[in-house]
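Notes for the one structure printed next.
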Amino acid sequence: MDKSFQQFSPEQLRKLLSSPTAQDLMAMLNREHTGSVQSALADAQKGDITAAKAALQACLSDPRTRQLIKKLQEEQHG
């Protein structure tokens with residue numbers, strides 16, 4: 001598991017995921033990158049983390065995705 005997620009309690013994670021920015025990010029991913037996300041999840045379930053990361057690369061190279069992730073990080077760290 002990524003160490004950045006280990007620092008969140010279940011309550012903190014629920015709060016993060018319910019934030020407007022997280023909701024915007026999830027909506028955009030569902031709308032514009034559904035195939036990549038589904039492929040990454042399938043690869044991760046099979047234990048192929050390298051393929052999962054590759055499947056997410058298109059999402060992560062999208063400037064709007066990076067902008068929303070940065071905004072989430074700023075909201076969490078002040």
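Considering only Cα atoms, the convex hull volume of the chain works out to 98 Å³ per residue.
Short-range pairs are left out: with C-alpha atoms under 8 Å and at least six residues apart, the relative contact order of the chain is 29 percent. Across region 7-13, computed HN-Hα scalar couplings (Karplus, 6.51 cos²θ - 1.76 cosθ + 1.60, θ = phi - 60°) run 7, 9, 6, x, 5, 5, 5 Hz from first to last residue, x flagging Gly and Pro. Phi angles across region 25-42 convert, under the Karplus curve 6.51 cos²θ - 1.76 cosθ + 1.60 with θ = phi - 60°, into 3J(HN,Hα) values of 4, 5, 5, 5, 4, 5, 7, 10, 9, 4, x, 5, 5, 5, 5, 4, 5, 5 Hz, Gly and Pro given as x.
Restricting attention to the chain, lysine pairs at least eight places apart or on different chains and with alpha-carbon atoms under 23 angstrom apart total 9. On the chain, 56 percent of the accessible area sits on carbon and sulfur atoms, based on a 1.4 Å probe.
The values are calculated or read from the model by the stated rules, or taken from the named source; none is laboratory data. These figures come from a predicted structure and were not determined experimentally. Keep in mind that these areas ignore ligands, DNA and RNA; they rest on the heavy atoms of the full protein, side chains included. Shrake-Rupley method; radii C 1.70, N 1.55, O 1.52, S 1.80 Å.
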